[in-house]
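Notes follow once the structure below has been shown.
Every read-out reported here was derived from the displayed coordinates using simple, explicitly stated rules and does not represent laboratory data. Predicted model only: the values in this text are computed from it and were never measured. Ideal geometry is used to build each Cβ from the backbone, glycine not excepted, and the neighbour counts take in all protein chains shown.
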Amino acid sequence: MSKLSSILSWLVAVAVLPLLLIYGGDFSMRQGVVLGLLLMGLLYLMSNAAAGPVRYLPYWVQVAPNWYQILTDFKLIESPEEWRSIAESLKSATGYRVLRDGVSFTVVQQSADFERTVIFWNQHQAFGSEFSFSEDMTPIQFERSTDPEGWHVPARFFMRPSGASGEAGYTLGIVVRDWWWEEVSNSCAAPLGVSTNPLTGSVEVALAVLPLKEFEIYRYPANRWTDGYITKTEPQIRRRRDEARRKLGWIAMDRASSDSGFHGLDPFHLEHKYFTVKHRQI
């Protein structure tokens, strides 16, 4: 490729990438432009750096909790009518609401061991360096007659790195009050795990683990188009991913599309009892 062609390719990418983020990645106009330019800068620096054995593709992830299932299984609401009332009230609420908007983010850069990351959290228009997220679930809250008048604590949704079930990944769950959990735990659905914090009087209830193997597809060798990579390495990555999905209760909803190639424009679409996850390269 000539130098002129290379420059033209980069100019086209600079123009197109923000549009892909805005219209295909649930970004605002401002987010799409800023993040698009940042990504192009990073990709340009990477392309001009010394060639390494592994390349990285930034990717976008959307996590949509099945709130009705979660809230009813864990006794946080009592009826479908209660959930419909909550959902209706959130339609007119200003700002970010995890019960309405879910979670979406873009992994801009990530080390080979997944320990160091640069993440753009869409809902807060902010960058972070940890794959951890926590947000209150207002209007779901805890209060009891012995508490001071007007005092209440909201439930929280969390996503954090973990090694639950012997599989490295990201645990998704809710945080509730310890006294409340003691009252309802015997009548709730069985969680994936429970962790109590006596200092805060809270209980983390793990609901699912999204395996790290799901995102191995965004790292590939510089010579990925060799016969060895296409016929051996890529199928191995796919088998590890599929095994982790089955082990942790995830079902691929678009398997034919997903298996036709790792790096297409259509997102991977996974379903769990409590969550829907979509992700794709950008």
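A few remarks follow.
- Cross-link reach list, lysines versus LYS213, counting only Cα pairs under 30 Å and skipping chain neighbours closer than eight places: LYS232, LYS247, LYS273, LYS278
- When you count the other C-beta atoms within 10 angstrom of each residue and take the mean per peptide, 58-71, 180-193 line up highest first as 58-71, 180-193.
- Sum of side-chain charges, CYS188 neighbourhood, beta-carbon under 12 Å (Lys, Arg +1; Asp, Glu -1): -2
- Relative protection proxy for 237-245, 121-129, 85-93, from highest mean packing down: 237-245, 121-129, 85-93 (other beta-carbon atoms within 10 angstrom).
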